[in-house]
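Each remark here refers to the structure printed beneath this line.
The values are calculated or read from the model by the stated rules, or taken from the named source; none is laboratory data. Owing to the predicted nature of the structure, the values given are computational and were not obtained by experimental measurement. Quick reminder, even Gly has a Cβ in these numbers, built from the backbone with ideal geometry, and neighbours come from all protein chains shown.
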Amino acid sequence: MTYADLTYRGGTLSWPGGAARAACGKAGVSADKHEGDHASPAGRFALGSAFYRPDRLAAPATALPLAALTPDDCWVDDPADPRYNTLVVLPCPASHETLWRDDGLYDVIVVIGYNTDPVVPGKGSAIFLHCAAPDFAGTEGCIAVACEALVALLGLLGPGSTITIAP
């Protein structure tokens, strides 16, 4: 089976047969992404595993690897830590981003395969496709769409799906 490839460009995430309003990094899209610059990385990237908040929604249908988040899940964003740009479980002494958020932005997450193979310290971490804020405010570097759109879109994604991020 062939799964959908996504394209983010100019405030819209599109795929064969559909599109949705989307947000990117507060600093726009950059071909020279680095940690903390608030930019989304330009390029074409594989879509990896997906995560969801089991206390807020049922497991969405998808052919991507899917796991339920726990309150102890976090993503290391410290370039000096050997686990940089990876999922870890608390306690974690390194700087990290907690994935169990109160604001709902991470109720559904798809890992964008940016800076993953190999991981280059300082090139950027925790780049996800996730739920947008109600006002579609810019992200820290991720791509975000309405949560309902993301849950529906997951059904079109599977092994081999990609996202192209362009200005």
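Annotations for the structure displayed:
- Under the condition of being charged (D, E, K, R), touching a residue at least 12 places away in the same chain (Cβ under 8 Å) and in a loop (DSSP other than H, G, I, E, B), the residues counted in the range 76-107 number 5.
- Failed condition for residue 19, given (1) free of Cβ contacts under 8 Å to residues at least 24 places away in the same chain; (2) under 15 Å from residue 129 (Cα atoms); (3) hydrophobic (A, V, I, L, M, F, W, C); (4) touching a Pro at 6+ places or on another chain (Cβ under 8 Å): (4)
- Among the residues making up the range 61-82, those that are surrounded by fewer than 17 Cβ atoms within 10 Å (Cβ to Cβ) and either over 16 Å from the mean Cα position of the chain (by Cα) or closer than 17 Å to residue 115 by Cα (or both) are 61, 63, 70, 71, 72, 80, 82.
Rundown of residues vs (1) within 20 Å of residue 122 (Cα to Cα); (2) of a type outside the set (S, T, N, Q); (3) in contact (Cβ under 8 Å) with a residue 60 or more places away in the chain, yes/no style:
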site	(1), (2), (3)
26	yes, yes, yes
34	yes, yes, yes
43	yes, yes, yes
49	no, no, yes
58	no, yes, no
68	no, yes, no
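- Every pair of residues 6+ apart whose Cβ atoms lie under 8 Å, when the first sits in the range 145-159 and is in a helix (DSSP H, G or I) while the second is polar (S, T, N, Q) and modelled with pLDDT of 95 or more: 154/62
- Taking the listed residues 124, 104, the one that is at positive phi, of a type outside the set (Val, Ile, Thr) and touching a helix residue (DSSP H, G or I) at 6+ places or on another chain (Cβ under 9 Å) is 104, with no other qualifying.
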